[in-house]
Ligand code: PEP
């Protein structure tokens, strides 16, 4: 379980070619910062170019379609993402669940398609503020895990889980370290139920308002295997501040 922390930047719908200089700067620094495994998920339009700019860091997408191909205007298959040079895909981000009505079953189908295409997956789970206030956070998150993760994975190495409380994303608010530790412990237990021994290899990232100034504290929490970073991944300076803290 003593793996390098995994720090993943999610650029969301940000980034034109001019932003590739940030990817290049992150990649150059990664050479010196090999204590962490670093990756970026730019928009689809930059995947191929980002892969060419960056030799060392991982490059991944933010979603894929569950089908191999076909009449799905505007969608992108896992094989296309692989062909663009990416190595992983983020699935089930709360913005996809909310904006596109993605269900756990949709996410599970995408996860299976991504693994079949040779991509690693980062599956996001997390409760809303209302669900937390109602004392349902653990139930919601474990239901999402069971519903969204592929039922079998040939290796836990290919699967990462990101715990992202919806109310912490982009708000500057974070759970207490005690709450993060409790949820990561719950997730670890559920992963062991689903995958048995293979669960040991699965990293559980924390995501939600991770910044250079809180990263060290959040990344030191038990069973936090890294961070999924939104806003603070958009410039090399702030993203590398988090990488250094890891
Ligand atoms: C995210 O959207 O995955 C995220 C964690 O965003 P932020 O870091 O901006 O809260």
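The values are calculated or read from the model by the stated rules, or taken from the named source; none is laboratory data. Fair warning: this is a prediction, and the values are worked out from it, not measured in the lab. Ideal geometry is used to build each Cβ from the backbone, glycine not excepted, and the neighbour counts take in all protein chains shown.
Observations on the structure shown:
- You will find that of 178, 201, the residue that is away from the ligand (no atom under 12 Å from the Cβ), surrounded by fewer than 22 Cβ atoms within 10 Å (Cβ to Cβ) and under 22 Å from residue 119 (Cα atoms) is 201 and no other.
- From the options 4, 32, residue that is more than 16 Å from the ligand (Cβ to nearest atom), touching a strand residue (DSSP E or B) at 6+ places or on another chain (Cβ under 6 Å), assigned to a loop (DSSP other than H, G, I, E, B) and closer than 26 Å to residue 214 by Cβ: 4
Each row is one residue, and each column tells you yes or no for (1) assigned to a loop (DSSP other than H, G, I, E, B); (2) touching a helix residue (DSSP H, G or I) at 6+ places or on another chain (Cβ under 7 Å); (3) over 23 Å from residue 4 (Cβ atoms); (4) more than 16 Å from the ligand (Cβ to nearest atom).
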{"residue": "189", "(1), (2), (3), (4)": "no, no, yes, yes"}
{"residue": "206", "(1), (2), (3), (4)": "no, yes, no, no"}
{"residue": "223", "(1), (2), (3), (4)": "yes, yes, no, yes"}
{"residue": "238", "(1), (2), (3), (4)": "no, yes, no, no"}
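- Condition check for residue 156: surrounded by fewer than 19 Cβ atoms within 10 Å (Cβ to Cβ) and either within 16 Å of the ligand (Cβ to nearest atom) or modelled with pLDDT of 95 or more (or both): no
- The residues listed here are 30, 86; of these, the one that is in contact with a helix residue (DSSP H, G or I) (Cβ under 8 Å, 6 or more places away or on another chain), crowded, with 19+ Cβ neighbours inside 10 Å, modelled with pLDDT under 95 and on the phi < 0 side of the Ramachandran plot is 30.
- Being over 29 Å from residue 201 (Cβ atoms) and either crowded, with 20+ Cβ neighbours inside 10 Å or in contact with a helix residue (DSSP H, G or I) (Cβ under 9 Å, 6 or more places away or on another chain) (or both) is a description that does not apply to residue 73.
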